[in-house]
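Sharing a structure, written as structure tokens. Questions coming.
No lab work stands behind these numbers, since they all come straight from the coordinates. Nothing here was measured: the structure is a model prediction, and the numbers come from that model. Glycine also receives a Cβ, built like all others from the backbone with ideal geometry; neighbour counts cover every protein chain displayed.
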Amino acid sequence: MRTAAPGALLMLIMAQPNMATGMMPYYRHAWTLAPLLITAIFAAYLFALTPALSLVGTPPTRRAWWWRIGVGSGFGIVADLAMAVADSPEPVVVARICAGLSVGLVTGSLAGLILERTGERGRTAMAVATVLGSALGTLAAAVVAEYLPAPGVTVYLGHAVLLGVIAMAVVSDRAVRPAAIADPTSATAAAAESRITGYLSGIAAWVSAGLVVALLPSYGAELLGTTNLALLALPVTLYLVSAWLAQRLIAPNRLAAEPVSAQWIIIAGVALAAAMAWTPSLALLLCGGVVAGSGQGIAYRAGLRIVSAATPPDQHARAAARFAGVAYACAAITTVGLGAVATVASMRDAVLAAAAVLILVAVATAVVRRRAMAHAADSVPVPQIPTIA
């Protein structure tokens, strides 16, 4: 239980900001929200998250984890309550800000705790908890909103209670457990990569997540002509579940040039979703979500492993927080930009713009990685062969 509790708490913390995703078509219709306002609501979370990660979310020592976990969980509960009483966009923005503070406060501390208790495999566990929590939050909110009474209340109150119980369990157990033995081969492979490659991989992962979470439900509603929330949440849910499954089924470094390969998988998925503008099809949209999600899971894991591989154990929490902060900030800026494109032009143009941004990031990653590998090769000393005069 003490090994699983930090991961369960991270999953619940990540579920909270994603519950609004499954209900966004409902909110859009009820409050007549333009695409730009939808992305601004989504980005409010990221703009609160980034400074929280940078200023107070990077714990210097293990002793600093606990108040961050407690306060961050408290902000998550406040976010739930604000969403439960929301009847206009204003309380939603407040809830999104609280959710950003919640995730920003706990990410680094829970990362350190998970790595302390599970060792090297904790890097994958963190990535899994992040995407699985996002998927469950999206799907649960959509199902409750579509099929149960009080759609904007029930799911948030239930989440608040569960979050409080798990947070108390985590904070009450502060005993130090001996670190598990790391896999030296896997750690060495990740450490050979440039950290810039890791950051670019994380940026690509979360830019695609911003596109899928903020715009894909409305994109599907517009092209498919449906208002069924559970159906519209399905592409997002498949995206997130595919990200989780890819991390579980594909071992680290199994793909050649993993950070770059993962990004091109994301781009292929976005291209499938973009093609739906010319051939409206739910199957095409779902396939796009599955393919893009698979790439997102691998890209996020690869980036996190690269950035934190060479970090001393007592700095894992700070490294994870910095990585998340950079990725989330870039996702926030890009998502707002895509919302502006969707408002001024069309949803189709926004998806195409996202594909163009992701292609640029993938090319930059390939260039940085090639230069880093060439520099590493040049740095290897060449053995001198003795000669006899």
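Could you give the distance between the Cα centres of segment 224-247 and segment 29-62, to the whole Å?
Taking the Cα centre of segment 29-62 as reference, the centre of segment 224-247 is 21 Å away.
Further question: Run the simple label-point estimate for residue 248 and residue 279 please: 7 Å along Cα→C-beta, distance reported in nm.
Here the answer is 3.1 nm between the modelled labels.
Applying a 10 Å radius around every beta-carbon, put 142-152, 213-223 in order of their mean neighbour count, most first.
213-223, 142-152
Now for a separate question. Which entry in [x] 13; [y] 20; [z] 8 is this structure's computed percent of Cα pairs over 40 Å apart?
Label [x] holds the value from this structure.
I need the calculated FRET efficiency for the pair residue 363 and residue 340, taking r as the beta carbon distance and R₀ as 22 Å, to the nearest 0.05.
Using R0 = 22 Å, I get an efficiency of 0.40.
Tell me the net charge near residue 257. Cut-off is 15 Å between Cβ atoms, residue 257 excluded, with +1 for each Lys or Arg and -1 for each Asp or Glu.
Net of charged neighbours comes to +4.
Something else: What does the highest-first list of 290-296, 59-65 look like by mean Cβ count within 10 Å?
So the order, starting with the most tightly packed, is 290-296, 59-65.
For the chain, list the DSSP H helices whose alpha carbon atoms reach 24 Å or more along the long axis and whose average Kyte-Doolittle value is 0.5 or above?
Membrane-span-like by this criterion, though nothing is claimed about a membrane: 4-22, 35-51, 65-85, 89-118, 122-147, 154-171, 195-224, 229-249, 258-275, 282-309, 316-344, 347-379.
Just to be sure I understand the model, the point goes 7 Å from the Cα along the line to the Cβ. What's the resulting residue 370 to residue 168 distance in nm?
It works out to 5.8 nm between the two label points.
Consider a paramagnetic label point 7 Å from the Cα of residue 157 along Cα→Cβ; state which residues of segment 82-101 have an amide N under 20 Å from it.
Within reach of a label on residue 157: 82-88, 91-92, 95.
Using only the Cα atoms of segment 14-142, construct the convex hull and provide its projected area averaged over every direction, in square nanometres to one decimal.
7.8
Going by how many other Cβ atoms sit within 10 Å of their own, how do 161, 78 line up, fewest first?
161, 78
Nearest 20 debye, what's the magnitude of the dipole of the chain about its Cα centre given +1 on Lys and Arg Cβ and -1 on Asp and Glu Cβ?
So the magnitude is around 860 debye.
Can you tell me the FRET efficiency between residue 268 and residue 228 if r is taken as the Cβ-Cβ distance and R0 is 35 Å, rounded to the nearest 0.05?
Approximately 0.80, to the nearest 0.05.
Sticking with this structure for a sec: Within a Cβ distance under 11 Å of residue 110, other residues only, what is the Lys/Arg minus Asp/Glu net charge?
+1
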